[in-house]
Structures are given as C-alpha cells and as structure tokens.
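**Q** Provided herewith is a single structure, encoded as structure tokens, for subsequent inquiry.
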Amino acid sequence: ASEEGALVALKWSTPARRELFEACMLEAEVLKQLALALPEGSAAASRVPRHVAHGFVSAAVVGPMGPAAVGQGHVLLAMSKLEGRPLDQWLYGVDEQCLKTMPVQQLLRGPPESRVSSRDLQGATRAAVALLLQMAPVFGALESIAVHRDASAHNFLVRCSEAEGEAEQWQFAVLDFGLAVRASSWKQEWQSRNIAGDPRYFMPAAWMLLTYGHKYIENHPDQNFKRHYRDRIDHFAVGVLAMEVFFALWRCPEADGEQDAAATARATAAHHAAGTGSAPAATLARARATWQAYWSDAMRLFQGFHKDGATAIRQALARSQALSQLVE
C-alpha cells in the first residue's frame, strides 16, 4: 500500500489480444520486482514508479478505453505517481505529436517555448551526467528482471530547480514498462519479437533487423551488431538520450554567429601551430555538428515511421544508402 497522503497513478489498459494482455501483466510484474530490488526510501526507488497493486477487471465492465474484446478484460495497475514533466515536453516545449511533424531544423534551433540552447557547457554537462548517474542503479536493477525496450525522452520525467549554475538540481525518472520483455527469455526470443520502441533511439542493429530480418544480423560478419541488439538495447537508447539532453541544452558559441566561428577557427589554428591539437571548443563544435547530422536522420526516420508506416520505411532503407549512414 502507498504511504498515507501519497498520490497514486492508475493505469487502465484494455488489451485486445492475448499477447497484449500478457504485456500488461508483465509491466505490473516488472514494477513489483523493481520495488523489491530497489530499497524503499532509496534515491533509486524514487526514480521509477513503485508498484502498489494490480488486478484484472471483467469484460462486463466498460472502461475508459471502451469495452473489452470478447474473452478478454481490463488490467488495472496502481503505482506511485511521480513528479515531473515528460522530458521531451520540458526540453522542446511541445508534445510528442508535434515532434512527429515539426521541421527538423526548427527542432534543432528550438521551438519558441523550448529550453534548447538554454545552458552553458557546464550546465548542459551537469544535466547529462545527472541523467546517467541517476538511471544507472535503476537499469542495473532492471537488467536481471526485464529489458525496457522503450527508453526515450517521452518516457522519462524531469524536474529542474529554477536556479542555474552549481545550485541547479536535476531529478529524472523512467516510466512506462509496457513494451518490456523478460530478461530471462529475451536472449532466446529476440529473433521472433517485434521491434519495439521509439525509432529515434534505435541502434543500428534494430534498423538492420527492420530492413532485412534477423538472419541478416545473425550472419553479419561483425557479430557485435547481434550482441548489441541482444544485450545492449537499453544501454544504447539511454546513451542517445544523454547526448540529446546535452546537445539540446548546450548553448554552443559557434551557433551565435560567424564572428564566434571565426574566433574558434583562429584558436584551432593556434593550437595546431603549437602542436597541442584542436582547441576544446572546436572539438566540441565538431561533435555537435556530428550529433545534429545524426539526430536529423533519426528524426526524419521517426517522422516517416509515423507518417508512412514501418513497411514504407523498410522499403526506403533497402533502396537507399541511409542504413549504411546510420551504421557508420
């Protein structure tokens, strides 16, 4: 039971098929096991919803999602309600539906109400480091229980104090285990499971699997692709998310105008002349440009996925060099 006065969130699902019902029940089981693995009152326990109760409701009851299918019912999951805003809404100032159609360049520059380019280098670094440090114990506990498969900005909550600089405090939490699979069976079932999650956070092997099927990965000369997909889906997605947070928040000086860019070019030349390599600012600026190129491709695939469907994206990837670019 929840503590007196604590808010509880209720998730009401009406699965239409047996496999969806099993996914709903597995989500409840995953949260229940995480509650046992993360000691109550610990910092890590506050970064994931805490299981309160779950149960099955007869199909005779009409729920908020409408009537249940014949032979099915409803699954109710009660869990602690966590504070914060969805990370994508907090960062970009718009909801996920807007991101599906927003021009990519507008996203990179930042919509009017966004927090894009709102932090200096130290501030952006603190945010990304906080995300990784806070999520490490959660995903460490999850590793023996399940694979999340849908780590994305939409499934993370963020709270941030108003004070900037060293006083700025970041709090992150992860939500929605509805696409999770059991860790004990995933390594044997990955070939037959549907690809799941947000395309923006797909690893290269996921795009290979979508385009050519599991035999392509199993027979690929570089078996690291198979190993990454089988063992590191969540690692990759959280890593991409950390880079998204850092590069979105960072107010890169080179983005402010040609004068700053010229100054950076002069500093880089001076460093080379002194034999000390590239200036740190220039190195970071190149890293930012590389990230924006990658994120632009990922966003276009994400938008195309939602607009045209998986089949159209699969065919487009098979006909073009986009897959090779993603892998590289």
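The values are calculated or read from the model by the stated rules, or taken from the named source; none is laboratory data. Just so you know, these numbers come straight off a predicted model, no measurement behind them. Note that each Cβ is placed from the backbone with ideal geometry, even for glycine, and that neighbours are counted across all protein chains shown. Please note that ligands, DNA and RNA were not included when accessible areas were found on the heavy atoms of the full protein model with its side chains. Shrake-Rupley method; radii C 1.70, N 1.55, O 1.52, S 1.80 Å.
**Q** Peptides 219-225, 73-79: what's the order by average Cβ count within 10 Å, highest mean first? Numbers along the way, then the final one.
**A** Numbers: 219-225: 12.0, 73-79: 21.0.
Sorting 219-225, 73-79 by mean packing, highest first, produces 73-79, 219-225.
**Q** What is region 1-147 by shape, rounded, prolate or oblate, if you read a ≥ b ≥ c off the alpha carbon gyration tensor as root eigenvalues and call it rounded for a/c under 1.5, prolate for a/b larger than b/c, and oblate otherwise?
**A** Oblate, since a/c reaches 1.5 and b/c is not below a/b.
**Q** Non-local amide H neighbours of VAL8 (under 5 Å, H modeled in plane, Pro and chain starts lacking H): which ones?
**A** The list, which skips near neighbours in sequence, is LYS81.
**Q** Another one. Could you compute the FRET efficiency for ASN194 and ALA136, with r as their C-beta to C-beta distance and R0 at 22 Å, rounded to 0.05?
**A** Efficiency for this residue pair is about 0.20.
**Q** Okay, moving on. What is the local net charge at LEU241, summed over the other residues whose Cβ is closer than 11 Å to its Cβ (Lys, Arg +1; Asp, Glu -1)?
**A** Local charge sum for LEU241: -3.
**Q** Ranked from highest to lowest mean number of other Cβ atoms within 10 Å per residue, what is the order of the peptides 41-51, 311-321, 16-26?
**A** 41-51, 16-26, 311-321
**Q** Here is a further query. Show me 147-160, 182-195, 113-126 ranked by packing, highest mean number of other Cβ atoms within 10 Å first.
**A** Ranking, from highest mean packing down: 147-160, 113-126, 182-195.
**Q** Roll a 1.4 Å probe over the protein heavy atoms and report the accessible area of LYS81 in Å², nearest 10.
**A** 120 Å²
**Q** Moving on. Between helix 258-273 and the chain, what is the angle of the helix's C-alpha long axis to the longest principal axis, kept within 0 to 90° and rounded to the nearest 10?
**A** Computed tilt is about 70 degrees.
**Q** Shifting gears a bit: What is the spin-label model distance, in nm, from VAL57 to ARG85 if the labels are put 7 Å beyond Cα along the C-beta direction?
**A** Once both label points are built, they end up 3.1 nm from each other.
**Q** How far is helix 233-249 tilted, in degrees, relative to the longest principal axis of the Cα atoms in the chain, given as a value from 0 to 90 rounded to the nearest 10?
**A** The angle comes out at about 50 degrees.
**Q** Still on this structure, please answer the following. Farthest toward the dipole's positive end in the chain, which of THR311, ASN219, SER184, given Cβ charges of +1 (Lys, Arg) and -1 (Asp, Glu) about the Cα centre?
**A** ASN219
**Q** Round to a whole angstrom and tell me the spacing of the C-alpha centers of region 89-103 and region 188-233.
**A** Using only Cα atoms, the two centres lie 27 Å from each other.
**Q** Tell me, what is the FRET efficiency for SER296 and SER185 to the nearest 0.05, using R0 = 41 angstrom and their Cβ-Cβ distance as r?
**A** It comes to 0.70.
**Q** A further question follows. Any chance you could run the full-extension gain for GLU168 through ASN224? It's 0.36 nm times the residue separation minus the Cα-Cα distance, nm to one decimal.
**A** Using 0.36 nm per residue and subtracting the Cα-Cα distance, I get 16.3 nm.
**Q** Moving on to the next point. Ignoring ligands, DNA and RNA, what accessible area per residue does region 68-157 give at 1.4 Å, in Å²? If you can, show how the numbers build up before the last one.
**A** On the way: 3820 Å² over 90 residues.
Heavy-atom SASA per residue in region 68-157 reads 42 Å².
**Q** How far, in degrees from 0 to 90, does helix 280-308 lean away from the longest principal axis of the Cα atoms of the chain, to the nearest 10?
**A** That works out to roughly 40 degrees.
**Q** Right, something else. So, with a 1.4 angstrom probe, what is the percent of accessible area on the chain that is carbon and sulfur? Present the calculation step by step, with values, prior to reporting the outcome.
**A** Working: 8980 of 16770 Å².
Exposed carbon and sulfur together represent 54 percent of the surface.
**Q** What label, among (1) 94, 71, 57; (2) 75, 51, 34; (3) 60, 49, 45, belongs to Cα extents along the principal axes in Å computed from the structure on display?
**A** Matching entry in (1) 94, 71, 57; (2) 75, 51, 34; (3) 60, 49, 45: (2).
**Q** Could you give the dipole magnitude of the chain about its Cα centre, charging the beta-carbon of Lys and Arg +1 and that of Asp and Glu -1, in debye to the nearest 20?
**A** The calculated dipole for the chain is roughly 860 debye.
**Q** Once phi is turned into ³J(HN,Hα) by the Karplus curve 6.51 cos²θ - 1.76 cosθ + 1.60 with θ = phi - 60°, what whole-Hz value does each residue of region 126-134 show in order, with x for glycine and proline?
**A** 4, 5, 5, 5, 4, 4, 5, 5, 6
**Q** In terms of the Cα gyration tensor, with a ≥ b ≥ c the square roots of its eigenvalues, is region 63-151 rounded because a/c is under 1.5, prolate because a/b exceeds b/c, or oblate?
**A** Note, shape of region 63-151 comes out oblate.
**Q** Expressed in nm to one decimal, what extension gain is obtained for the pair SER324 and GLN105 from 0.36 nm per residue of sequence separation less their Cα-Cα distance?
**A** Values: separation 219, 0.36 × 219 = 78.84 nm, distance 2.26 nm.
Working it through step by step, the gained length comes to 76.6 nm.
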